[in-house]
Every structure is written in structure tokens, then in C-alpha cells.
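Below is one structure, written out as C-alpha cells, with a few remarks after it.
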Amino acid sequence: MPVSVGGMVVNPGDILVGDQDGLLAIPQEGVEQLIEKARALLEAEAETMRAMKEGRWNRAFIDALEARCNN
């Protein structure tokens, strides 16, 4: 039977994941797609870090934001 934990509904079979920021209940249906998306995001973030370390990262959007904040 479903239970409520801190206002979040947790159903039987849900996968629970937690860290210092909170708790997440993931339904078993679709968990494979969620894992694929998480892996793709992890790889994209790793590529961004590589680009930053190699000086290939385009920070033009940061420069534009800084310019807007300074005006």
C-alpha cells in the first residue's frame, strides 16, 4: 500500500534514492529510460569539464550575463 513520506507518495516497488539533499522515489516502470538519461547527462557534464580544462569551452553566454548584470 502506498505511504506518504514528507509529503511524497511512495508506492510498493518504488526505487528509493537519497543523499544529503533529499529522497527520491522512482517508479520501476521507466527506470531504464531514466538511467539512460542520467548516463547521457553525466557524459555531457564530463565533456564540458574536459572542454574547460582544455580551454575549448565557449563561455560567451557567461560574458553576456555578466555584461547584463553590470548594467
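For this structure, a couple of remarks:
- Hits in region 38-69 (condition: aromatic (Phe, Trp, Tyr) and either part of a helix (DSSP H, G or I) or at pLDDT 85 or above (or both)): Phe61
- Candidates Ala46, Ala51, Ala60 - the one that is over 30 Å from Val3 (Cβ atoms), loosely packed, with under 10 Cβ neighbours inside 10 Å and either among the small types (Gly, Ala, Ser) or touching a Pro at 6+ places or on another chain (Cβ under 9 Å) (or both): Ala60
- Region 12-31 - residue that is out of contact with any strand residue (DSSP E or B) (no Cβ under 7 Å at 6 or more places or on another chain) and assigned to a loop (DSSP other than H, G, I, E, B) and, of those, surrounded by the most Cβ atoms within 10 Å (Cβ to Cβ): Pro27
- In region 56-71, the residues that are at positive phi and of a type in the set (A, V, I, L, M) never reach a residue that is surrounded by fewer than 10 Cβ atoms within 10 Å (Cβ to Cβ) and at pLDDT 85 or above with C-beta atoms less than 8 angstrom apart, at least six apart or across chains.
The values are calculated or read from the model by the stated rules, or taken from the named source; none is laboratory data. Because the structure is a prediction, the values reported are computed rather than measured. Cβ atoms come from the backbone with ideal geometry, glycine included; neighbour counts cover every protein chain shown.
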